[in-house]
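Take a look at the structure set out below.
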């Protein structure tokens, strides 16, 4: 079966790319190894933070663009996907990342406010923070309804003419100078342009095409807490937040959380340094009780009115690069093959604009959006060349 474009991977990035290509009127096939909306990767769940506060102005530019494209998707589908709550970033005065966020917002002329611990407690009495804590308030922040976003982008891609085949793991890829051939268990598909956005599976897949990327898949987890004062954490009363940690003894880089949204309880999570490595195929769905206890201690101390029974906890995957930047690039030697991995745990909010960027690269070979940070060539002085022939 022949298509002009094939996208491998039906998570947030793949469905966003398929949607953009289909909306452009292209002949597009999206292949997903499981079902659309599965819970084995990085894209599932009720909520992901969306925000403009970033340590690098490039991400602020892209976040502004992402909001605009999310608006377009909402208008096209008549479905609300973004819920604005306001955002609060918390940090000690010596947290470099905090000050870089403020600087980036200033450079991009995004409205924001820096407040001290007294004002944090006055505006957000849910938080118990140390007297030297600083807060960064940005009113546009909120959350993306993740599960609904993926399903909506998949549905709208189909509405605009895309073909989506799920439960179809790729068995082999054969690259050619003018296209690619992809084999699944049941069919062989051919295309002129190929986009690989396979999430936690992207490293091994691209490695079999001759490109080694320094990606590490990590096991992450989050929990929903039964608040003793649930009214304080209702949507509209409690912001999405990120609490940066500069104490190396905790092995935690940040905590983050959400108001109650589409589920019972307050969602809180933490990111660890060093991470817990795994693979997409061998990962565990089990909760790490030591890290859960650490998260409970944080909630008890910092959000005492949210501290209560853990209603339930879930796991997900990060696919991390050494510098935590994304990978958006053409495969060396094969400019008609595009690799997209918006990884390292902060990518979901950008999927709307990244779908547009990958569609641009596939159709025109270039994009007007700033993506120089995301070249895979940054990992090697002399990029290796892909192997010719079949991936299997």
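The values are calculated or read from the model by the stated rules, or taken from the named source; none is laboratory data. Treat the numbers as computed from the prediction; the structure is a model and nothing was measured. Here Cβ is always computed from backbone atoms with ideal geometry, including for glycine, and neighbour counts include all displayed protein chains.
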Item checked: Odd one out for residue 34 among (1) surrounded by fewer than 24 Cβ atoms within 10 Å (Cβ to Cβ); (2) more than 16 Å from residue 145 (Cβ to Cβ); (3) touching a helix residue (DSSP H, G or I) at 6+ places or on another chain (Cβ under 7 Å) -> (3)
Note to self: I'd like to check which strands (runs of 3 or more DSSP E) are fully inside segment 132-203 and have at least 2 residues that are more than 29 Å from residue 51 (Cα to Cα).
What the structure shows: 163-165, 170-176, 179-184, 188-196
Next item on the list: State all residues of segment 367-392 that are at pLDDT 50 or above and in contact with a helix residue (DSSP H, G or I) (Cβ under 7 Å, 6 or more places away or on another chain); if no residue qualifies, say none.
Entry: 367, 369, 370, 371, 373
Next item on the list: May I ask you to list the residues in segment 300-312 that are under 12 Å from residue 222 (Cα atoms) and at pLDDT 95 or above?
Entry: 310, 311
Item checked: Criterion violated by residue 352 - all others in (1) assigned to a strand (DSSP E or B); (2) within 24 Å of the chain's Cα centre (by Cα) satisfied -> (1)
Next item on the list: List every residue pair whose Cβ atoms sit under 8 Å apart, with the two residues 6 or more apart in sequence or on different chains, where the first one lies in segment 168-194 and is under 13 Å from residue 335 (Cβ atoms) and the second, anywhere, is modelled with pLDDT under 95 and not in a strand (DSSP E or B).
Entry: 175/209; 175/386; 175/388; 192/178
Next item on the list: Return only the number of the condition from (1) over 19 Å from the mean Cα position of the chain (by Cα); (2) over 30 Å from residue 168 (Cα atoms); (3) surrounded by fewer than 17 Cβ atoms within 10 Å (Cβ to Cβ) that residue 24 does not satisfy.
Entry: (2)
Note to self: Quick test of your reading of the structure: residue 366 fulfils all but one of (1) free of Cβ contacts under 8 Å to residues at least 24 places away in the same chain; (2) more than 24 Å from the chain's Cα centre (by Cα). Name the failing condition by number.
What the structure shows: (2)
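Please pick out the residue among 223, 227 that is assigned to a loop (DSSP other than H, G, I, E, B) and either modelled with pLDDT of 95 or more or in the same structural domain as residue 40 (by TED's automatic domain parsing) (or both).
Unique residue meeting the criteria: 227.
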Check: Does segment 314-329 hold any residues that are surrounded by fewer than 18 Cβ atoms within 10 Å (Cβ to Cβ) and in contact with a strand residue (DSSP E or B) (Cβ under 9 Å, 6 or more places away or on another chain), and which are they?
Finding: 314, 315, 322
Check: Given the residues 240, 170, which is the only one that is within 22 Å of the chain's Cα centre (by Cα) and either in the same structural domain as residue 29 (by TED's automatic domain parsing) or buried (at least 21 other Cβ atoms within 10 Å of the Cβ) (or both)?
Finding: 240
Check: Restricting attention to segment 1-18, which residues are surrounded by 24 or more Cβ atoms within 10 Å (Cβ to Cβ), over 16 Å from residue 200 (Cα atoms) and in contact with a strand residue (DSSP E or B) (Cβ under 9 Å, 6 or more places away or on another chain)?
Finding: 5, 6, 17, 18
Next item on the list: Could you tell me which numbered condition residue 117 fails, if it satisfies all but one of (1) closer than 30 Å to residue 336 by Cβ; (2) surrounded by 15 or more Cβ atoms within 10 Å (Cβ to Cβ); (3) touching a residue at least 12 places away in the same chain (Cβ under 8 Å)?
Entry: (1)
